[in-house]
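One structure is given here, and the rest of the page talks about it.
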Amino acid sequence: MNQEPKVFERVIGLDAHPDTFTAAFVRGPTPAAAVHEKTFDRVALDNLTKWAQKHTTPKDLFVLEASGNSFQIVRTLGSIERTAYVLESRQMGRLKEAHANNDKLSALRIAKAYLAGTAKKVWVPDLKTQERRDIFHAHRKAVKRTGQVRARLLSYLSDNGVRWKSGPLTEEKVRKLKAWTPMQGEILSTLLLEKQDAETSRQRWRSIIAQEVLSDPLLLSITRLCGVRDVIAFALGALIGDIHRFANPKKLVKYVGLNPAYDHSGEEEWNGGVRGHGRRDLRSLLIEAAHSILRSKQPVARWGKRLLARKSCRNLTVCALARKLVVAVWYLMMGRWTPLEELDTALQSKMGKIIRELLPHSRAGMAENLQALREQVYERIKSGRVYTLDPAKTFTAQPKVPA
């Protein structure tokens with residue numbers, strides 16, 4: 001039975017900063033009929049709990065713009081039985097006054113935007129999902145930093161007449177390339193140390209991701225899909241969170257941003273495709289997975305190659321495969337699965353690569369550790385979930401989940 005929506009007596013717009021917040025109290029059903037009762041300006045964020053208990057009741061609704069600490073504020077207010085919603089920051093940014101803007105105006109604008117219904121509500125992740133998102137973003141930054149430091153080192157070598165062809169950039173090899181001056185040697189040493197630090201950080205985060213995937217039955221089941229390994233499975237779990245907030249696969253496809261969208265308003269030039277909306281970070285990973293699928297010999301890859309031959313557009317084909325992958329993920333996470341009796345060669349190889357990411361520095365006695373861990377992982381993955389990427393699979397608007 002659907003519950004009646006909760007009716008709130010007042011809406012409190014909260015403009016939060018790292019150390020302070022401003023709160024505007026509004027009463028009324030619409031922005032035009034709303035009455036601005038009072039405003040608390042620049043209250044210390046450390047006093048949020050005591051302030052909320054003193055000046056608000058459980059019948060009040062807090063609304064705030066999505067920012068770095070907005071999810072933590074919602075959890076803090078929830079611990080004292082206060083309801084709080086987070087509103088999408090992109091839409092809120094469009095509502096800013098061009099001639100004047102301060103914390104008081106921002107708090108009032110946030111409250112009225114909610115009453116107008118123009119701002120989309122953002123899902124607040126649970127603590128586990130938030131931790132996984134933090135790990136995912138830290139890994140992405142480590143990968144980016146590794147590439148940047150390597151590019152700086154190659155650029156410095158090129159500036160000094162040295163063109164590096166291939167292979168690992170070790171200090172021993174670099175110093176043998178030419179006679180470096182003492183100052184050039186110091187610069188090289190610094191760049192090589194930065195490169196080593198970045199690679200160590202990247203490997204550390206990758207090891208944490210592999211450990212999370214191998215220990216979580218749901219994430220482990222996602223790795224059975226063609227083209228998906230530990231990083232993509234972990235990203236799906238971290239960025240999707242609670243799968244039940246997506247009623248059907250179409251909603252998950254839209255969330256990722258793999259549904260075609262277009263803008264052809266007025267006399268502006270037509271602009272369409274899968275860019276400009278959805279989770280770009282997750283979509284880029286799924287596009288990589290789709291490229292991998294297209295290179296494989298799976299049935300869905302043959303479907304993709306036939307589509308490529310018919311449409312003559314690789315980008316369109318890859319997006320279609322990524323969409324199929326998202327649909328498969330929805331069914332897996334919703335519990336649409338069948339038991340797996342045996343692991344094929346490709347899946348065994350994939351599991352071996354993930355396990356090696358978990359033990360990157362344990363070369364001594366690694367064979368025994370790997371064998372014991374491999375047997376445990378094989379048993380877990382057999383008892384988990386499996387979903388076959390069927391290119392002919394279609395889905396309805398409201399699929400029923402079996403009890």
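The values are calculated or read from the model by the stated rules, or taken from the named source; none is laboratory data. What you are looking at is a predicted structure, and each value in this text was computed from that prediction instead of being measured. No Cβ is skipped: glycine too gets one built from the backbone with ideal geometry, and neighbour counts run over all protein chains shown.
Considering only the stretch 209-220, I want to know if a residue exists there that is touching a residue at least 60 places away in the same chain (Cβ under 8 Å), surrounded by fewer than 20 Cβ atoms within 10 Å (Cβ to Cβ), within 30 Å of Arg374 (Cα to Cα) and of a type in the set (S, T, N, Q).
Looking for residues that are touching a residue at least 60 places away in the same chain (Cβ under 8 Å), surrounded by fewer than 20 Cβ atoms within 10 Å (Cβ to Cβ), within 30 Å of Arg374 (Cα to Cα) and of a type in the set (S, T, N, Q), one finds at least one in the stretch 209-220, hence yes.
Of the residues Thr345, Thr317, which is at negative phi, of a type in the set (Val, Ile, Thr) and modelled with pLDDT under 90?
Numbers: Thr317 fails: modelled with pLDDT under 90.
Exactly one residue qualifies, and that residue is Thr345.
Look at Phe25 and say whether it is closer than 14 Å to Ser106 by Cα, in the same structural domain as Leu108 (by TED's automatic domain parsing) and touching an Asp or Glu at 6+ places or on another chain (Cβ under 7 Å). Walk me through it before giving the result.
On the way: closer than 14 Å to Ser106 by Cα: yes; in the same structural domain as Leu108 (by TED's automatic domain parsing): yes; touching an Asp or Glu at 6+ places or on another chain (Cβ under 7 Å): yes.
Yes.
Determine whether the stretch 180-195 contains at least one residue that is of a type outside the set (Val, Ile, Thr), assigned by TED's automatic domain parsing to the domain that holds Arg140, in a loop (DSSP other than H, G, I, E, B) and on the phi < 0 side of the Ramachandran plot.
Yes, the stretch 180-195 contains at least one residue that is of a type outside the set (Val, Ile, Thr), assigned by TED's automatic domain parsing to the domain that holds Arg140, in a loop (DSSP other than H, G, I, E, B) and on the phi < 0 side of the Ramachandran plot.
Here is a yes/no grid of residues against (1) among the polar types (S, T, N, Q); (2) in contact with a His (Cβ under 9 Å, 6 or more places away or on another chain); (3) not in a helix (DSSP H, G or I):
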| position | (1), (2), (3) |
| --- | --- |
| His36 | no, no, yes |
| Phe40 | no, yes, yes |
| Asn47 | yes, no, no |
| Ala52 | no, no, no |
| Val63 | no, no, yes |
| Gly68 | no, no, yes |
| Phe71 | no, no, no |
| Leu77 | no, no, no |
| Tyr85 | no, no, yes |
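Is the stretch 42-60 home to any residue that is under 16 Å from Arg109 (Cβ atoms) and either touching a Ser or Thr at 6+ places or on another chain (Cβ under 9 Å) or assigned by TED's automatic domain parsing to the domain that holds Ala111 (or both)?
We begin by selecting, within the stretch 42-60, every residue under 16 Å from Arg109 (Cβ atoms); these are none.
No, the conditions are met nowhere in the stretch 42-60.
In the stretch 285-307, which residues are farther than 14 Å from Lys324 by Cβ and of a type in the set (A, V, I, L, M)?
Matches in the stretch 285-307: Leu285 only.
Go through Ala309, Ala235, Ala301 for me and flag whichever is crowded, with 21+ Cβ neighbours inside 10 Å and either assigned to a helix (DSSP H, G or I) or at pLDDT below 90 (or both).
Of Ala309, Ala235, Ala301, the one residue that is crowded, with 21+ Cβ neighbours inside 10 Å and either assigned to a helix (DSSP H, G or I) or at pLDDT below 90 (or both) is Ala235.
Do we find a residue being modelled with pLDDT under 85 and in contact with a helix residue (DSSP H, G or I) (Cβ under 9 Å, 6 or more places away or on another chain) anywhere in the stretch 103-117?
Scanning the stretch 103-117, I find no residue that is modelled with pLDDT under 85 and in contact with a helix residue (DSSP H, G or I) (Cβ under 9 Å, 6 or more places away or on another chain), so the answer is no.
Using beta carbons and a limit of 9 Å, which pairs, at least six apart or on different chains, have the first residue in the stretch 28-40 and free of Cβ contacts under 8 Å to residues at least 24 places away in the same chain and the second one surrounded by 10 or more Cβ atoms within 10 Å (Cβ to Cβ) and in a loop (DSSP other than H, G, I, E, B)?
Val35/Gly28
Name every residue in the stretch 18-42 that is closer than 19 Å to Thr83 by Cβ and surrounded by fewer than 18 Cβ atoms within 10 Å (Cβ to Cβ), in order of residue number.
Answer for the stretch 18-42, where residues must be closer than 19 Å to Thr83 by Cβ and surrounded by fewer than 18 Cβ atoms within 10 Å (Cβ to Cβ): Arg27, Gly28, Pro29, Glu37, Phe40.
Scan (1) more than 15 Å from Ala322 (Cα to Cα); (2) among the basic types (Lys, Arg); (3) modelled with pLDDT under 80 for the single condition Arg275 breaks and write down its number.
Result: Arg275 passes all but (1).
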